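The values are calculated or read from the model by the stated rules, or taken from the named source; none is laboratory data. As the structure is a prediction and not an experimental result, all values here were calculated from the model. Cβ placement follows ideal geometry from the backbone for every residue including glycine, while neighbour counts extend to all protein chains displayed. SASA here: full protein model, heavy atoms, side chains in, ligands and nucleic acids out. Shrake-Rupley method; radii C 1.70, N 1.55, O 1.52, S 1.80 Å.
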Amino acid sequence: LVAMNRRLRGEVARREKLEQALRDSEQHYRGLVESMTAIAWEMRLSENRFTYVSPHAQALLGYPLSEWLKPGFWQRTLHPDDAEQAMSYCLSESRAGRNHSMDYRMLAADGRVVWIRDIITLIHHGEELILRGLMVDITETKRTEQALRLSEQKFASVFHHCPDIIVLARRIDGRLLAVNSTFEQQVGIPASEALGSTATELNIWG
């Protein structure tokens, strides 16, 4: 009886240590997740609702965390121009059992438009499909990309509509990398033939 009690006390002590280790591990990883500027989330696909979102969700979009946990919240806050495509893509990829990522816009509580890159992982919990993801705010990146595209469009417009011949050539060997419309009109050589050749090879020197 004494030996049995000793074994039971040892088993209880080991179980308590294991439970404490699990609590410490949970607190550690929860601390890591909740300190990120990105939004970590979990969703039950069958219920169409988030079952967990990290605290940064409220800071990013301005909605209380309780609103995030209501059915259909994600769909309601999608930008109207992105909603159908984002929902269709997410649903088809999830049903096919594929992890995926996508860029889309969400509407913040104050009306701001926020670009999101959503990285989604599928977890099978018995018969149920659970989605886990990370939402990253890429608004500034998208603004930079848009500004770059506008800058390139402006350059292309000036380049091609300039009344003077303009060419871009590689310094090391003089091969043409780009020619404007005026070059094609005045020299009579289409860009498709000129690019990659030198002015000497094209015999255009006066």
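Of the GluC sites (Glu not before Pro) found in the range 78-152, those that fall in a DSSP loop while having at most 13 other beta-carbon atoms within 10 Å are E127.
The Cα atoms of the range 30-118 cover 32, 30, 21 Å along the three principal axes, with the biggest extent listed first. Distance from the Cα centroid of the range 116-193 to that of the range 34-90 is 31 Å (rounded to whole angstrom).
On the range 130-206, 55 percent of the accessible area sits on carbon and sulfur atoms, based on a 1.4 Å probe. As a length-normalised measure over Cα pairs under 8 Å and 6 or more apart, the relative contact order of the chain settles at 13 percent. Solvent-accessible surface of the chain, averaged per residue with a 1.4 angstrom probe and all protein chains in place: 67 square angstrom.
Across the range 132-143, rounded Karplus estimates of 3J(HN,Hα) from the backbone phi angles (6.51 cos²θ - 1.76 cosθ + 1.60, θ = phi - 60°) give 10, x, 9, 9, 10, 6, 10, 4, 5, 4, 5, 5 Hz, Gly and Pro being marked x.
Here the range 87-206 is described by how far its Cα atoms reach on the three principal axes: 78, 35, 26 Å, from widest to narrowest.
Global size of the range 53-103: 12.4, 33 Å for Rg and Dmax (C-alpha atoms, Rg to one decimal, Dmax whole).
Projecting the Cα positions of F183, T141, Q75 onto the charge dipole of the chain (unit charges on Cβ atoms of Lys, Arg, Asp and Glu, taken about the Cα centre) puts Q75 furthest along the positive direction.
With a Förster radius of 30 Å applied to the C-beta separation of L91 and C162, the computed FRET efficiency comes to 0.05. Among the trypsin sites (Lys or Arg not before Pro) in the range 127-166, none sits in a DSSP loop with a Cβ that has at most 11 other Cβ atoms within 10 Å.
Using alpha carbons only, the radius of gyration of the range 133-198 set against its Kirkwood radius gives Rg/Rh = 1.23. Solvent-free Debye calculation, one equal scatterer per alpha-carbon of the chain: log10 I(q)/I(0) at 0.18 Å⁻¹ equals -1.21.
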